[in-house]
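The values are calculated or read from the model by the stated rules, or taken from the named source; none is laboratory data. Just so you know, these numbers come straight off a predicted model, no measurement behind them. Counting neighbours? That spans all protein chains shown, and the Cβs are built from the backbone with ideal geometry, glycine included.
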Amino acid sequence: MSALKAEQERRAKAEAALKAEQERRAALDAKQEVVAPRQQTQPGAAALPAGVAQPALLGQYGDWGAYTAAPGGIKVCFALAKPKATKTDPAGRKRDPSYVFVSTRPAQGVKNEVSVIVGYPFKTGSDATAYVGNDVFAMYTTNDGAWIKNVAEEARLVNAMRRGGDLTVTGIAVQFKLTDQYSLKGLAQALDRIELECK
């Protein structure tokens with residue numbers, strides 16, 4: 001009987017993990033619709049391909065833009081920044097633009113979810129790492145996206161980002177190592193603005 005119960009618990013955990021991953025992938029798809037590698041009209045602005053509804057810019061705060069959009073009719077608010085510096089090892093490898101997001105999706109009970117898009121697929125099974133000052137955070141990867149591995153640490157990461165000067169993300173892509181460095185100037189104000197919009 002205990003073996004049956006253990007198997008049922010294992011299946012329930014696997015289904016919960018799959019559902020969580022599907023939700024994260026859906027969120028990534030929505031972000032990739034919002035952010036397209038087109039010429040930016042202003043620092044941090046999200047440009048969209050033709051036919052995709054333009055997100056509304058709530059405000060530009062330092063290096064961060066605060067936006068709201070409704071992909072698939074689900075309201076999402078996010079703070080967005082592009083890296084101040086990027087590096088590949090070996091040097092000179094081409095990839096699409098990178099972005100860091102801090103997203104809030106009230107309908108899904110998600111607040112201040114940190115994710116990055118690095119513009120090139122991560123090596124399968126590899127992790128990424130986020131650094132803010134002396135704080136280090138492990139991230140898991142899927143395709144060219146990465147999220148905080150331990151969701152319980154997400155609030156600590158956001159608090160560190162609010163207080164910090166720079167965020168550095170490192171990872172292993174399919175053909176190279178990558179490092180992106182983001183300025184955190186204006187993030188606190190951008191987060192305050194999206195919190196007002198997506199309560």
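What the table below lists for this structure:
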item: Residue within segment 168-180 that is out of contact with any helix residue (DSSP H, G or I) (no Cβ under 9 Å at 6 or more places or on another chain) and over 16 Å from residue 88 (Cα atoms) present; result: no
item: The listed residue being surrounded by 13 or more Cβ atoms within 10 Å (Cβ to Cβ), touching a Leu at 6+ places or on another chain (Cβ under 6 Å), modelled with pLDDT of 95 or more and not small (Gly, Ala, Ser), out of 137, 101; result: 137
item: Residue 124 of a type in the set (Ser, Thr, Tyr) and touching a Lys or Arg at 6+ places or on another chain (Cβ under 7 Å); result: no
item: Residue under evaluation residue 191, criteria (1) buried (at least 16 other Cβ atoms within 10 Å of the Cβ); (2) at pLDDT 95 or above; (3) over 23 Å from residue 87 (Cβ atoms); (4) more than 16 Å from the chain's Cα centre (by Cα), criterion not met; result: (4)
item: Hits in segment 83-117 (condition: within 17 Å of the chain's Cα centre (by Cα), among the hydrophobic types (A, V, I, L, M, F, W, C) and either farther than 18 Å from residue 183 by Cβ or not in a strand (DSSP E or B) (or both)); result: 110
item: Candidate set: segment 125-177, residues that are β-branched (Val, Ile, Thr) and in contact (Cβ under 8 Å) with a residue 40 or more places away in the chain; chosen: the one farthest from residue 87 (Cα to Cα); result: 158
item: Condition check for residue 110: under 30 Å from residue 174 (Cβ atoms), at pLDDT 95 or above and not polar (S, T, N, Q); result: no
item: Test: residue in segment 61-80 that is surrounded by fewer than 19 Cβ atoms within 10 Å (Cβ to Cβ), at pLDDT 95 or above and within 24 Å of residue 111 (Cβ to Cβ); result: yes
